[in-house]
Every structure is written in C-alpha cells, then in structure tokens.
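To start, the structure itself, in structure tokens.
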Amino acid sequence: MTNKTSILSGRRTKSLVERIMNIIFLVCGLASVVSVVFMTVYMVVSGGAIIAETGVFRFLLGHVWNPGGSEFGILPMILSSVLATLGAVLIALPVGVLIAVFLAKLSPGKLATAMRAFIDLLAGIPSVIYGLLGALLLVPAIFKLQAAAGLPNSGSLLAAIVILVIMILPTIISVSETAIRSVPKQYEEAALALGSTRLQAIFKVTVPAAKSGIVAGMVLGTGRAIGEAMAVMMVSGNAAIMPELLRPVRLLTAAIPIEWAYSSGLHRQALYGIGLVLFVFIMVINLLLRQVMKKGGAQDE
Amino acid sequence: MTPVKMHTRALNLFYGEVHALKGVDLDMPEQCVTALIGPSGCGKSTFLKTLNRMNDTIASVRISGEVVLDGEDIYAKNVDVTTLRKKAGMVFQSPNPFPMSIYDNIAYGPRIHGEKKRIVLDEIVEQSLRDAAIWDEVKDRLKKPALGLSGGQQQRLCIARSLATKPEVLLMDEPTSALDPISTSKIEELIDELKRDYSIVIVTHNMQQAARISDYTAFFLLGEVVEHNTTGDVFSNPKDRRTEDYITGRFG
Ligand SMILES: Nc1ncnc2c1ncn2[C@@H]1O[C@H](COP(=O)(O)OP(=O)(O)OP(=O)(O)O)[C@@H](O)[C@H]1O
Ligand SMILES: [Mg+2]
C-alpha cells in the first residue's frame with residue numbers, strides 16, 4: 001500500500017484573516033470608485049451651471065473672455081491649450097523616440113545609464129522650476145523673434161510649447177525605451193539576416209513592433225501637457241486672445257489659478273466650467289490610452 | 001564532384017576565451033544539401049553563423065581563417081555584409097516572422113534592397129510563397145498578421161521571406177525542431193525542391209532527417225569536424241568511431 005496524502009484540511013478552507021483581508025480590499029476598491037464617481041458628478045454639476053447660464057455654444061465657441069463684462073467665451077483658451085499640446089507632442093514625439101532608440105539600441109551601456117539617470121531627474125523636477133527657467137531664459141530669447149516680427153515683447157505660445165516639450169520628453173523617452181527594449185531580439189536578428197543594416201533593422205522592424213508602447217508614451221505625454229498649469233503660466237503671457245505663435249496666450253489650466261482669488265458669482269462658475277472642459281479632455285485622453293493598451297495587448301498574442 | 005559553393009579553411013572562432021570552432025575545413029557543394037550534425041554545444045550554430053557573418057553582432061567574437069563564397073573571402077575588409085547576407089539567407093530555429101502582415105514580411109527583404117514597384121513586389125511575394133509551398137494556404141490572407149499563422153506555416157513563411165531576397169545559399173539552423181511531424185515533412189519536401197536552385201546548409205539533431213534530405217554530412221564534435229563525407233557514407237560506413245557512436249545513438 002502506498003501512502004496517499006489527503007487534500008482535505010482540518011480547518012475551513014478560508015481562514016478568518018483571509019476573509020478580513022478580502023473585506024479590506026473590497027472597501028479600498030469601492031472607495032476609489034466612489035471618489036471618481038463623486039468627482040465626476042461634482043465637476044459636471046458645478047461646471048454645468050455656467051453652461052446652463054450662457055449656453056454651450058456661447059461658452060465653448062465664444063471668442064471673448066471678459067469676466068468684468070460678463071462675457072465668458074473660452075474658445076481662445078481651448079485653442080491655445082490644444083495648439084500648445086499638439087505642438088509640444090509633435091516635436092517631443094520624434095525627438096523622444098530617437099533618444100529612446102539611442103538609449104535602447106545604440107549608446108554604449110555607461111552613457112545610456114548616465115543619460116537615463118539624468119532623464120529620470122528631469123521627470124522629477126517640479127514644474128515651477130521649469131517655469132522659472134523658462135521665464136528667465138526662454139522668454140527673453142523669444143523677444144528677438146518677436147522684435148523681428150514687429151510684435152511686443154511678452155510670453156508666447158512658442159514659449160509654452162518649448163517648455164511643454166521639455167516637460168513631456170522624459171515620459172515619452174522612458175515609455176518608448178521600455179517598449180523598444182521589450183521587442184524580441186529575434187526580429188532584429190531576422191532583419192539583419194535578410195541584409196538590413198543595423199539602422200534599417202531598428203527603424204523598419206523594431207520601432208514599428210514597439211508602436212503600441214510608443215503611442216502609449218505619446219498619449220501619456222499629451223495628458224501631462226494638457227494638464228500642466230504652473231510652468232506654462234509663467235512663460236505664456238496669459239492674454240486670453242486667439243492664439244498666435246509669437247503672441248501671448250492663456251491656457252485653460254492657467255486661467256483657473258490666475259483668476260481664482262478674485263472671481264465670484266458667474267465668473268467663478270465659468271472657472272468651474274473651464275475645469276469641466278479640462279476634465280473631459282483628460283478623460284478622453286485616458287480612454288484613448290486604454291484603447292491603445294488593449295490593442296497593443298491583442299497584437300502581441 | 002559538384003563544384004564547391006562555399007568553403008572554410010582553418011576556421012577558428014573564439015567567444016572571449018571559449019574556443020568554439022577549431023580549425024574547421026569544410027566544403028559545401030553547389031545545389032546540394034550539406035547537413036551539420038553533432039551533440040549539443042559542439043559549434044554547429046556557431047559555424048552556420050560564420051557563413052553569413054551573423055556573429056558580427058556579438059562583441060566578444062574573434063575569428064581567424066577563411067570563409068570563401070564563390071571564390072571571395074567573406075571576411076575580407078571590403079566586403080559589403082548586407083550583400084553577403086542577401087546572398088546567403090538564414091532560417092532560424094524558432095520561426096520568427098515580423099509582427100506585420102504576411103505580405104510585408106515577404107516584401108521586407110526586396111524593399112530594403114531598393115525594390116519599390118508594387119507589381120514587382122506582388123510578383124516576388126507570390127513566387128516566394130509558392131516556392132516555399134505555402135501560397136495556397138495564405139493567398140487569401142496576405143494582409144493578415146503573420147503571427148496568426150501556425151508554427152509550421154510561420155516557418156515556411158520565414159523560408160519564403162529568405163527566398164524573396166533571391167539568395168544563392170540557404171543556411172538553416174534546426175528549422176524543424178519546433179514543428180510537428182506533418183509540418184516537418186512538408187519542410188523536408190520543400191528542402192528537396194529548393195536544392196535545385198540553392199545550396200543549402202542545414203543543422204539538424206534528427207539523424208533520420210539528415211539521412212533523408214542531405215547529400216553531404218559533416219559531424220561536429222567539440223568545435224572540430226570529425227568526419228565529412230557523402231551522407232550515404234557517413235551513415236552506412238562511418239570512418240571514425242566517434243561518428244559511428246553518435247549516429248547509432250550511443251552518445252550525445
Ligand atoms: N554568444 C555566445 N557567447 C559565448 N559563448 C557562446 C555563445 N554562443 C555559443 N557559445 C558557446 O559556443 C559553443 C558552441 O555553441 P553552439 O550554439 O554553436 O552549439 P550548437 O552545436 O549549435 O548546439 P545546439 O545543438 O545545442 O544548438 C558552446 O560551448 C556555447 O556555450
Ligand atoms: Mg544550435
């Protein structure tokens with residue numbers, strides 16, 4: 001007769017500790033869901049008031065922002081935010097991907113390690129420091145361009161774009177680098193064996209294979225850019241007029257802290273409304289991100 | 001005796017301190033299948049990779065001796081490695097199609113070598129897939145991801161991808177070791193077809209496979225070629241005791 005181990009234990013299968021832990025996890029999970037729902041409801045209700053007051057179109061598409069005269073059109077700010085973000089992402093994406101390729105594939109190990117540490121450091125610097133440096137160095141540098149174009153010296157959309165590029169580069173670089181590194185080496189090997197040069201193998205096979213990761217990095221960078229307030233506030237000049245590259249612009253994010261202290265009544269409700277618009281932007285970007293991640297996952301299978 | 005397509009003379013290879021190939025002299029005749037057999041770690045893959053310079057990507061590798069393809073030393077200073085690899089294509093042990101469509105996989109090689117015309121590419125894609133005996137299975141799904149194919153199909157796709165650059169030599173490293181018996185026999189038939197146009201060097205752990213498909217067999221042991229002869233002779237009349245022990249399964 002052989003010995004058979006019984007799989008039945010003397011105790012009940014789920015111990016008390018396990019049950020308590022389960023409850024704690026459930027509560028934590030619920031708490032996060034509840035707070036997101038609460039935030040959403042609160043933003044919609046408080047931001048919705050101004051829209052109910054002025055109408056969606058006059059709020060979103062109005063050209064004039066003049067709280068004193070009870071005019072609350074935020075189109076200039078929406079366009080400024082969108083252009084600043086778009087400009088920043090369009091520049092930071094190719095630059096970031098090239099740097100990521102360099103770090104993941106081309107640079108000697110020590111240099112890459114040093115650069116990575118430096119990039120992580122950049123990601124951790126508070127945005128007000130970027131704002132300070134931008135105001136001290138970048139804005140005056142743009143004065144020359146403005147003078148050449150016959151425009152007054154001031155902060156500008158261009159300055160906001162440049163600052164945002166610097167701020168989102170670390171995100172795009174590190175997410176892209178991870179994606180590029182995780183592409184199986186055998187793809188590159190196969191490409192080389194077909195007579196590709198090293199660069200062809202990287203740019204025609206490895207980078208496209210890392211596409212979903214790179215897009216995720218881009219979406220994260222977009223989210224960071226559109227939500228950034230402090231640094232852009234310090235370099236963009238903050239005039240709520242239609243955006244032009246070398247003229248001052250006011251971004252959605254900047255409008256809220258700038259006007260908060262002295263706003264009241266409808267004006268304050270309009271700031272809530274701006275908050276709601278930003279909230280929607282961020283939600284859309286997050287949904288996009290999830291979509292991209294899901295697609296990427298499906299592709300790998 | 002058939003003319004020699006590729007040969008090596010006094011070929012030595014070191015991975016840092018590890019002496020992986022020790023004075024290998026081997027002739028690989030044209031339009032023939034040369035099988036490389038031997039126990040694990042004896043240097044078969046290493047040898048195969050010296051034939052299209054895939055070892056160049058490993059920093060610690062040092063090589064001496066000669067590898068000659070059509071009378072030209074492939075390790076000479078003025079060799080264009082991309083042309084060499086176009087001429088000597090490689091199929092790997094595990095199928096490794098690119099994460100792109102079937103069409104783009106096959107068109108990859110011709111495209112990087114400068115072919116842009118759609119009609120020409122279409123033609124190359126079809127011909128390569130036909131030559132690799134997979135056209136009928138994929139002709140209706142050329143735009144679908146190659147990674148959706150079965151392992152055996154993927155391997156034939158990889159063979160087709162190599163054929164698309166119009167190589168003269170095909171280097172195959174255990175191309176069927178990851179496949180089921182049916183896919184394996186398909187690929188063996190294919191190799192038999194292909195040797196009319198190509199010179200093939202194949203690494204295999206499967207003695208029956210070597211006996212079935214190859215014209216010449218080289219037995220590697222610890223980085224040396226112990227025996228090299230026609231496959232018939234190696235299997236039915238081995239000269240070296242160690243060869244006999246290996247092919248009869250007494251060691252390795
Ligand atoms: N990149 C490398 N760096 C260092 N040593 C290596 C490297 N690749 C292979 N070797 C060594 O070289 C020797 C030959 O390896 P190789 O892969 O050529 O053997 P093989 O005959 O193909 O074996 P298998 O049948 O298991 O594939 C082994 O001792 C191996 O450990
Ligand atoms: Mg091997």
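The values are calculated or read from the model by the stated rules, or taken from the named source; none is laboratory data. Keep in mind that what you see is a predicted model, and the values were worked out from it rather than measured. Backbone-built Cβ (ideal geometry, glycine too); neighbour counts: all protein chains shown. SASA here: full protein model, heavy atoms, side chains in, ligands and nucleic acids out. Shrake-Rupley method; radii C 1.70, N 1.55, O 1.52, S 1.80 Å.
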Fill in: In range of the label at B:LYS143: residues from the stretch B:71-102 whose backbone nitrogen is under 13 Å from the point 7 Å along Cα→Cβ
B:101-102
Worksheet item: Counting other Cβ atoms within 10 Å, which chymotrypsin sites (Phe, Trp or Tyr not before Pro) in the stretch B:159-252 have at most 16 and lie in a DSSP loop?
Response: B:PHE251
Fill in: 20 Å reach of a label modelled at B:ASP70, 7 Å along Cα-to-Cβ, counting backbone N of the stretch B:1-37
B:2-9, B:27-34
Worksheet item: By average Cβ neighbour count within 10 Å, what is the ranking of A:144-155, B:30-41, A:160-171 from highest down?
Response: A:160-171, B:30-41, A:144-155
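Can you give the convex hull volume per residue for the Cα atoms of chain B, as a whole number of Å³?
That works out to 127 Å³ per residue.
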Discussion item. Strictly greater than 12 Å: what percent of every Cα pair in the stretch A:2-54 meets that?
Written reply: 77
Practice prompt. Choose one answer from A:ILE24, A:ILE172, A:ILE119: the residue with the largest mean-square fluctuation in a GNM of chain A with alpha-carbon springs under 10 Å.
Written response: A:ILE24
Discussion item. If I take every Cα pair under 8 Å that is 6 or more residues apart in chain B, average their sequence separation and divide by the length, what percent do I get for the relative contact order?
Written reply: 28
Item to complete: Among DSSP beta bridges lying fully in the protein assembly as shown, give the percent that are antiparallel, nearest 5.
Response: 60
Item to complete: Estimate the FRET efficiency between A:ARG19 and A:LEU133 by the formula 1/(1 + (r/R0)^6), using the beta-carbon distance for r and 56 Å for R0, to the nearest 0.05.
Response: 0.55
Discussion item. I'd like the Kirkwood hydrodynamic radius of the protein assembly as shown, using the inverse of the mean 1/r over distinct C-alpha pairs, in Å.
Written reply: 28.6
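What total accessible area, in Å², is buried where chains B and A meet, using a 1.4 Å probe and rounding to the nearest 100?
Rounded to the nearest hundred, the buried surface is 1600 Å².
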Worksheet item: Among the chymotrypsin sites (Phe, Trp or Tyr not before Pro) within the stretch A:198-266, which fall in a DSSP loop and have no more than 14 other Cβ atoms within 10 Å of their own Cβ?
Response: A:TYR262
Worksheet item: For chain B, what is the calculated [θ] at 222 nm in deg cm²/dmol (nearest 500), taking -39500 (n - 2.57) for each run of four or more DSSP H residues and dividing by its residue count?
Response: -10000 deg cm²/dmol
Worksheet item: Among B:GLY43, B:GLY148, B:GLY23, whose mean-square fluctuation peaks in a Gaussian network model of chain B (Cα, cutoff 10 Å)?
Response: B:GLY148
Worksheet item: What nm distance separates the two modelled labels at A:VAL280 and A:LEU60, each placed 7 Å from Cα along Cα→Cβ?
Response: 0.4
Fill in: Under Karplus coefficients 6.51, -1.76 and 1.60, residue-wise ³J(HN,Hα) of the stretch B:73-80 in Hz, glycine/proline x
6, 6, 9, 5, 4, 9, 7, 8
Worksheet, complete the sentence: Per its Cα gyration tensor (rounded if a/c is under 1.5, else prolate when a/b beats b/c, else oblate), chain A is best filed as oblate
Item to complete: Along Cα→Cβ, 7 Å out, is where each label goes; now give me the distance between the ones at B:ARG9 and A:ALA261 in nm to one decimal.
Response: 8.7
Response to the item:
Once normalised by the length of the stretch A:59-300, the mean sequence separation of its alpha carbon contacts under 8 Å that are 6 or more apart gives a contact order in percent of 28
Worksheet, complete the sentence: With only helices counted (DSSP H, runs n ≥ 4, each -39500 (n - 2.57)), the per-residue ellipticity at 222 nm for chain A, to the nearest 500, works out to -23000 deg cm²/dmol
Discussion item. For a quick check, take a GNM of chain B with Cα springs below 10 Å and name the residue from B:GLU126, B:GLU72, B:GLU224 with the largest mean-square fluctuation.
Written reply: B:GLU72
Worksheet item: In the stretch B:162-252, which trypsin sites (Lys or Arg not before Pro) are in a loop and have at most 10 other Cβ atoms within 10 Å, using DSSP for the loop call?
Response: B:ARG196, B:ARG250
Worksheet item: Under a point-charge model restricted to the Cβ atoms of Lys and Arg (+1) and Asp and Glu (-1), what is the dipole moment magnitude of the stretch A:59-300 relative to its Cα centre, in debye to the nearest 20?
Response: 520
Item to complete: Round to the nearest 0.05 the FRET efficiency obtained for A:ALA52 and A:ALA112 when R0 = 45 Å and r is the Cβ-Cβ distance.
Response: 0.25
Item to complete: On a C-alpha basis, how far is the centre of the stretch B:98-148 from the centre of the stretch A:65-111 in Å? Whole number, if you could?
Response: 38
Worksheet item: About its Cα centre, what dipole magnitude does the protein assembly as shown give when the only charges are +1 on Lys and Arg Cβ and -1 on Asp and Glu Cβ, stated in debye to the nearest 20?
Response: 1620
Discussion item. Using alpha carbons only, how many angstrom separate the centre of the stretch A:126-182 from the centre of the stretch B:24-91?
Written reply: 51
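Going highest first, how would you order A:27-36, A:248-257, B:73-82 by mean Cβ packing within 10 Å?
On the way: A:27-36: 9.8, A:248-257: 24.0, B:73-82: 13.0.
Per-residue Cβ counts within 10 Å, averaged per peptide and sorted highest first, yield A:248-257, B:73-82, A:27-36.
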Worksheet item: What distance in nm separates the simple spin-label points at A:MET230 and B:LYS116, each placed 7 Å from Cα in the Cβ direction?
Response: 5.0
Discussion item. Could you tell me the calculated FRET efficiency between B:GLN208 and B:SER150, based on Cβ-Cβ distance and R0 = 30 angstrom, to the nearest 0.05?
Written reply: 0.85
